[in-house]
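Have a look at the structure below before the remarks.
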Amino acid sequence: MRLKPFDQVMAILLVILVLALAACIGVMCWLPGFEESVIFTVNAYLTSQNWLIKAIITVACLLVIFLCLRVIFIRRKREPRQKVEPAPEGIMLKNGEHGSSFLTLSAVDAMVKKFVRTNSKVRDCKVDVKAVDDAQNIALELKTVLMPDVVIPETCAELQKSLTEHLQNMTGVVVREVKITVEDSTEPATPKQRSVK
């Protein structure tokens, strides 16, 4: 916060006046006859018929009061806040001299679903895409329903490899992880889920 020039000058004057007054009182209180001088000065002011002296003293007192009130109730000028643009919900593809390019997570989600559904061994797929490494790379979690009579470990491993290569070739983004959870298969099996990471 910055003070206005007028307020800066007022604050400096007040500090100078207070320092000068404190220094004078601090020195004079040790001088002999200090009490008598104070009493004499007060009596001279009260009994003086010179209105000019009274006016000068009164104006000086009012000036000090004004400076004190000005400093107490000073209004500080607020600096304009810089607008922070929200980071896009996605991953950065490129950051060059002409600007940045991003790929939204929803776009990655659509690409993954489209690719997975071309696999004849996968009946259905749910995708969860997460940006990792400060939105530079991605991690995928797939919940799949496989066709019957497929070898689950081999199918998952092939899908992980082909999907990773496809996304990296299409977008240039590094795929850190592809986690596949097999939720269902039509072949007879226990209801327990099989998970391949």
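The values are calculated or read from the model by the stated rules, or taken from the named source; none is laboratory data. Please read all numbers here as calculations on a predicted model, not as lab measurements. Positions of Cβ are backbone-derived with ideal geometry, glycine not excepted, and every protein chain shown enters the neighbour counts.
Structure notes:
Okay, residues lined up against (1) under 15 Å from THR164 (Cα atoms); (2) in contact with a strand residue (DSSP E or B) (Cβ under 6 Å, 6 or more places away or on another chain):
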site: LEU103; (1), (2): no, yes
site: VAL116; (1), (2): yes, yes
site: ASN119; (1), (2): yes, no
site: VAL122; (1), (2): no, yes
site: ASP128; (1), (2): yes, yes
site: ALA135; (1), (2): no, yes
site: THR144; (1), (2): no, yes
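- Being more than 30 Å from GLU141 (Cα to Cα), among the aliphatic types (A, V, I, L, M) and modelled with pLDDT of 75 or more is a property that holds for ILE65.
- Subset of region 116-171 [of a type in the set (Asp, Glu), touching an Asp or Glu at 6+ places or on another chain (Cβ under 7 Å) and surrounded by 13 or more Cβ atoms within 10 Å (Cβ to Cβ)]: ASP128, GLU141
- Between THR144, THR164, THR155, the distinction of being closer than 25 Å to ILE91 by Cα, among the polar types (S, T, N, Q) and not in a strand (DSSP E or B) belongs to THR164 only.
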